[in-house]
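**Q** There's a structure below that I have some questions on.
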Amino acid sequence: MPKKKKPRGHPARQPAAGNQLSPLRAGGRVLGDLQVPFRRFLEAERAEDGEQDPGELPGEVPVEDVEARLMESLGWLVLSLEADLGPAAAREFDPADLAELFTGIVPAVAEHNGLDPQELVDETRLAWTSYLMFLGETEQWSAEPEQLADCLDVASGGVGGALAGRGSVLDALQAAEAAVLPADRLADLQALDVVAAFLAGLDELAGGVDLAGAELPDGPAAEVLRSRLTDVPEVDPVALLLDLFADGVLVVEGGRAVVPEATDPDRRYRVATFFLASLVTGVLAACPSPAAIVAALSVVTSAVLQPMTAGEVRSSLEETGEESELPAALAVVRRLVDLGVLSPVEPWAARPGTAGAVLDVVEGFFRPEDGQG
């Protein structure tokens with residue numbers, strides 16, 4: 001679907017002011033003349049599966065409910081992304097847009113309307129999986145087949161699952177980072193409130209902060225970061241300040257702390273990635289046992305490769321006889337959800353642009369210091 005330019009990360013919970021189309025009507029318009037063939041496809045699928053009532057889908061979901069959920073969520077998507085509302089335009093989609101729908105837009109709609117976000121996401125996934133299969137089987141899909149496969153992977157709950165089979169987790173994470181355009185990586189990071197707060201502190205330092213004769217680890221410079229990260233105890237502002245200084249991001253000139261080239265996009269992305277990796281590492285370090293750390297780290301890693309559910313975390317711990325560590329691991333996951341790093345619904349996903357930070361976290365935990373192995 002052709003789109004106007006609009007930054008990600010700010011899902012529209014209601015139609016924009018002046019837009020008279022409701023999500024259901026907007027979605028119906030975009031679906032256009034595909035609506036009737038899609039309904040017939042659903043009914044035929046049920047009949048082939050031997051259901052007594054062809055109007056029911058697995059879990060006793062009526063066909064008309066699946067159809068309505070598709071149209072409404074399609075409306076949420078096009079209104080949020082300001083997509084072209086031309087009739088019957090719903091013949092191709094961007095996997096990244098669908099990931100945003102399931103991990104950002106739908107949970108926001110659920111919260112706004114007092115609904116259970118997990119239930120709404122599950123209903124929406126069912127509708128979209130059915131619709132994408134319809135597009136493929138009826139040859140209505142207008143983009144490359146590989147793109148349809150990626151969209152189906154997203155709709156069914158596995159974002160970029162194909163990457164997980166490559167040489168190693170580190171290789172897969174590197175590939176996931178490289179697959180995102182540099183501008184989108186930075187946009188994804190800046191969309192996280194905690195990263196935005198850190199970057200605001202960096203911008204304040206960039207303007208120059210008089211150290212007033214104090215040593216760098218203390219005094220005004222550290223207070224700038226501390227004031228921005230008051231709700232993030234996992235990050236030590238002093239240690240963070242020293243790391244920035246050691247990496248040359250922060251320098252001291254004439255008794256003032258300054259940040260050269262703070263607005264350079266590439267430099268900004270690297271600093272934001274470093275901060276997010278430090279934050280996630282700090283949250284993981286709060287785990288009371290190695291088993292809980294590994295389980296929680298698996299969720300973080302999978303979030304940008306092939307997202308996991310709580311059931312899958314439980315199964316992984318049961319395989320090693322450490323299922324008693326599940327509560328501790330899930331507590332860490334919940335903290336990362338609260339920070340906005342992970343989606344609020346299962347399977348837990350992360351924004352594609354965070355792949356570089358996840359890579360740094362995994363390297364920090366598992367790559368030997370000598371670089372061997």
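**Q** Scan Val333, Val337, Val304, Val361 and give me the residue that is open to solvent by less than 10 Å² (accessible area, probe 1.4 Å), under 28 Å from Leu120 (Cβ atoms) and β-branched (Val, Ile, Thr).
**A** Only one candidate passes the filter, namely Val333.
**Q** Among the residues of the stretch 307-316 satisfying the criterion of being under 15 Å from Val332 (Cα atoms) and assigned to a helix (DSSP H, G or I), which is most open to solvent (accessible area, probe 1.4 Å)?
**A** Arg314
**Q** Considering only the stretch 245-264, I want to know if a residue exists there that is among the polar types (S, T, N, Q), out of contact with any Cys (no Cβ under 6 Å at 6 or more places or on another chain), more than 22 Å from Val194 (Cβ to Cβ) and outside any helix (DSSP H, G or I).
**A** Checked against the condition, which is being among the polar types (S, T, N, Q), out of contact with any Cys (no Cβ under 6 Å at 6 or more places or on another chain), more than 22 Å from Val194 (Cβ to Cβ) and outside any helix (DSSP H, G or I), the stretch 245-264 yields no hits at all.
**Q** Quick check on Ala239: is it open to solvent by less than 30 Å² (accessible area, probe 1.4 Å) and among the small types (Gly, Ala, Ser)?
**A** The answer is no for Ala239.
**Q** One residue is enough: does the stretch 332-342 have a residue meeting the conditions in contact with a strand residue (DSSP E or B) (Cβ under 7 Å, 6 or more places away or on another chain), in a helix (DSSP H, G or I) and farther than 25 Å from Leu181 by Cα?
**A** The answer is yes, given that some residue of the stretch 332-342 is in contact with a strand residue (DSSP E or B) (Cβ under 7 Å, 6 or more places away or on another chain), in a helix (DSSP H, G or I) and farther than 25 Å from Leu181 by Cα.
**Q** Contact list please: Cβ distance under 7 Å, first residue in the stretch 289-302 and farther than 15 Å from Glu363 by Cα, second residue acidic (Asp, Glu) and crowded, with 19+ Cβ neighbours inside 10 Å, pairs at least six apart or on different chains.
**A** Ser289/Glu325; Ala291/Glu325; Ala292/Glu325; Ala295/Glu325
**Q** One residue is enough: does the stretch 205-221 have a residue meeting the conditions more than 22 Å from Arg267 (Cα to Cα) and at pLDDT 85 or above?
**A** No - not one qualifying residue is present in the stretch 205-221.
**Q** Would you please name the residue that is nearest to Arg268 (Cα to Cα), looking only at residues in the stretch 169-187 that are among the small types (Gly, Ala, Ser) and open to solvent by less than 70 Å² (accessible area, probe 1.4 Å)?
**A** Ala187
**Q** Further question: Starting from the stretch 303-332, take each residue that is under 25 Å from Gly356 (Cβ atoms) and list its partners that are hydroxyl-bearing (Ser, Thr, Tyr) and open to solvent by less than 40 Å² (accessible area, probe 1.4 Å), counting only C-beta distances under 6 angstrom and pairs at least six apart or across chains.
**A** Note: pairs meeting the criteria are Met308/Ser302.
**Q** Sticking with this structure for a sec: Just for the stretch 109-155: of the residues that are of a type in the set (Gly, Ala, Ser) and in a loop (DSSP other than H, G, I, E, B), which one is farthest from the chain's Cα centre (by Cα)?
**A** Within the stretch 109-155, the match that is farthest from the chain's Cα centre (by Cα) is Ser142.
The values are calculated or read from the model by the stated rules, or taken from the named source; none is laboratory data. This one's a predicted model, so the numbers in the text were calculated from it and none came from an experiment. Positions of Cβ are backbone-derived with ideal geometry, glycine not excepted, and every protein chain shown enters the neighbour counts. For the accessible areas, the whole protein counts, side chains as well, though only heavy atoms, and no ligand, DNA or RNA atoms are used. Shrake-Rupley method; radii C 1.70, N 1.55, O 1.52, S 1.80 Å.
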